[in-house]
Amino acid sequence: MASSTTGEKKILTLKGGDNEEFILEESLVLQSELLKNMVKEERVSSIPLPSIKSKTLVKIIEYLKKHAELTPSNKEEFKNFEKEFVNVVLEELLDITVAVNYLKINGLLEFCCQAVADRIKDKSVEAVRKIFRIESDFTPEEESEFRKETPEAFEGDLDDTTN
Amino acid sequence: MLRPKRRIQKEPRGVKQKKLKASSSSSLPPPSSSLPSSPSLPLSPPPPWVELPLDITANILQRLRTIEILENAQRVCTAWWKASHDPTVWRVIDLRNHDVDAKTPRMLENMCRIAVDRSQGQLLKINIENFGSRDLLNYIAERSSQLRYLRFVKCYYILDGCLAAAVKNFPLLEELHIYFSDINKDHIEVIGHSCPQLKSFTLNARGFRGYQYDDEALAVARSMPELRHLSLFGNVLTNEGLRAILHGCPHLQSLDLRHCYNIKLKRDLRRRCRQQIVHLKHPRDSTYGYEFDAQICDYSPPVGDFPWSFDDHFNEFELEWW
C-alpha cells in the first residue's frame, strides 16, 4: 500500500487501542524507531497500535510535534513543555513510558525514566509503595535475606522500632 | 493541600510506618503525588509498575542516588529488587558522607562494596566523599577495570601510595579529581604514566600563602601530556611550575589556578597562557560557586598592610579585562 500524499508531505494514520485514528505527517513518526522501520520497509500508510490507549497516543503525538519544532531559540519553551508533559498522574506516566518503550522513541524514553525516578527520589519505601500503589511481594525469608546483605544499612530501621 | 516532600522525609521512619499501617487497613489512600488526578483513578486497578521490562526499571533506578537504591528502591518489591541487581544500575556510584541521612563510614564502605559487586566490572564513574579506606580502594581497583572517572573528596590518609598502586588497574581512566587529600609528587607521576588517557585532573587543596613548592606541578607536567583540563586550586606552585605545565601539557584548554598565590602572571607568561588556555581562572578570581570551603591558610610574613602587592593585583585585573 502506498502512502497517501498531500503536496509533498506524506500522511500517515495511526490507530489507537480504541480504534481512534490519528492522521499526521509521516516525518513526525520517524522519531520512533519502530514506526520508522515500518514506514520505510513496508511502505504502510496506516499503522494499528492496539496496545496503546488513544489518550496516551495523543500525548505522544503532541510530544513528537513539539520536538519536531525544537530550535535553539525555543529551547526554554520546550523545556517547560517537557515539564508539563510528565506532570500527569503516575498511571498515565506509566502508560506513556510503556508506549514510548514499545515505539522506541529513545530521547523521550530517557526523559520518562527520569520523570519516574524523580517521583521515587527522597521517599521512604513505604511512601514509594503508597504513591506507586505497589504491594510488597517479599516473603519473610527474602526480607531477611536482603537485610543480611546490608546489615549496617538498616540500623536506622532497628532504631525506629524502639521509638 | 500539598505537603512538602522534605517534611515527609524528615519524619522519623518508625512513626511514618505506623501511620501508614493504620491507614492502609481501612481504605486505599488517594495518590499523594502532587498531580492533577483523574476522577476515575481510585477505582482503577493499581498500575502495573512491576510488569515493566527489567531494563526499563533498571533505567529508572540508575537515576537514583546509590544510598537511595540500596536503602529504599530495591526494597519496594521483588521486581525492583531484581532490577536493582542489574549491572547497568551501578555504572555510576556516588556516595557522600554528608547527606541529610547521615551514615557511618563503615556503613558507606559496606554499601560501596555492594554497589561495586553488583556493577560486575561495568563501573564507569565513582565519587566518594568523606569516607573510605585503603582496603576499599583496593576492592574497587580489583573489580573495576573499565573505570573512566574517579573522584575523592576529603578521603584523608587513604590515597597517598595506595592510589598510585590502585590506578594501575584503571588503564582507561580519563578523569581523576582529588579534593583535600595528600598525594606526593612520585605518586602523581605513577598515576600519569598508568593512565595514558587521563584528560582531566584535579588536585585541589586549601589556599596557602608563604610556602612555595613546584614538585607536584612538575610531576603533572612530566607525566600527563594528554590533559585538557587541570585544576590546581590552592596549589603552591610558582611561575616555574606553571611554565612546565604549559610545556608538558600542550593540549590543555582549561586551567584553574585560584588561590595559587605564588603565581605572578606577567608579560611572557601571561601571553603564553593567553595563547594556550581557553578557560583560565586566575589566582585571585572569585571563588563564588566553588562547592567547598575556600578559606586560606596564611603563613606569609606581613608586607605592609596588604598580603599582596598592588602591582600584582593590578596586573590580574588588567589581564582579566583584556
Report, by residue number, each residue of segment B:73-84 that is at the interface with chain A (Cβ under 10 Å from one of its Cβ atoms) and either outside any helix (DSSP H, G or I) or basic (Lys, Arg) (or both). B:Arg75, B:Val76, B:Cys77, B:Ser84
Restricting attention to segment B:220-243, which residues are surrounded by fewer than 22 Cβ atoms within 10 Å (Cβ to Cβ) and under 12 Å from B:Asn262 (Cα atoms)? B:Thr238, B:Asn239, B:Glu240
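In the list B:Leu172, B:Leu176, which residue meets the criterion of being under 19 Å from B:Leu230 (Cβ atoms) and at pLDDT 90 or above?
Working: B:Leu172 fails: under 19 Å from B:Leu230 (Cβ atoms).
None of the others qualify; the one that does is B:Leu176.
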Residue by residue through segment A:83-122, note down the ones that are more than 7 Å from chain B (Cβ to nearest Cβ) and more than 21 Å from A:Lys55 (Cβ to Cβ). A:Asn106, A:Gly107, A:Glu110, A:Asp118
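Each row is one residue, and each column tells you yes or no for (1) more than 10 Å from every other protein chain (Cβ to nearest Cβ); (2) under 25 Å from A:Ala117 (Cβ atoms).
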| residue | (1), (2) |
| --- | --- |
| B:Arg65 | no, yes |
| B:Asn97 | yes, yes |
| B:Gln120 | yes, yes |
| B:Pro171 | yes, no |
Only one of (1) farther than 17 Å from B:Ser144 by Cα; (2) buried (at least 18 other Cβ atoms within 10 Å of the Cβ) is not met by B:Leu198, so which one is it? (1)
For segment B:150-162, give me each residue that is modelled with pLDDT of 90 or more and crowded, with 18+ Cβ neighbours inside 10 Å. B:Leu150, B:Phe152, B:Val153
Which one of the conditions (1) buried (at least 23 other Cβ atoms within 10 Å of the Cβ); (2) in contact with a helix residue (DSSP H, G or I) (Cβ under 9 Å, 6 or more places away or on another chain) does B:Asp215 fail to meet, given that it meets all the rest? (1)
Would you mind listing the helices (runs of 4 or more DSSP H) fully within segment A:6-119 where at least 3 residues are outside the structural domain of A:Ile131 (by the TED database) and of a type in the set (A, V, I, L, M, F, W, C)? A:33-42, A:54-68, A:75-85, A:90-103
Being in contact (Cβ under 8 Å) with a residue 24 or more places away in the chain and acidic (Asp, Glu) narrows A:Glu82, A:Glu69, A:Glu77 down to just A:Glu82
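May I ask you to list the residues in segment B:236-254 that are assigned to a loop (DSSP other than H, G, I, E, B) and under 16 Å from B:Ile191 (Cβ atoms)?
Matches in segment B:236-254: B:Cys249 only.
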Would you be able to say whether some residue in segment B:291-313 is at pLDDT 90 or above and in a helix (DSSP H, G or I)? no
Answer yes or no: is there a residue in segment B:257-269 that is part of a helix (DSSP H, G or I), at pLDDT below 95, on the phi > 0 side of the Ramachandran plot and not β-branched (Val, Ile, Thr). yes
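The values are calculated or read from the model by the stated rules, or taken from the named source; none is laboratory data. These numbers come from a predicted model, not from an experiment. As a convention, Cβ positions derive from the backbone with ideal geometry for all residues, glycine included, and neighbour counts pool all protein chains shown.
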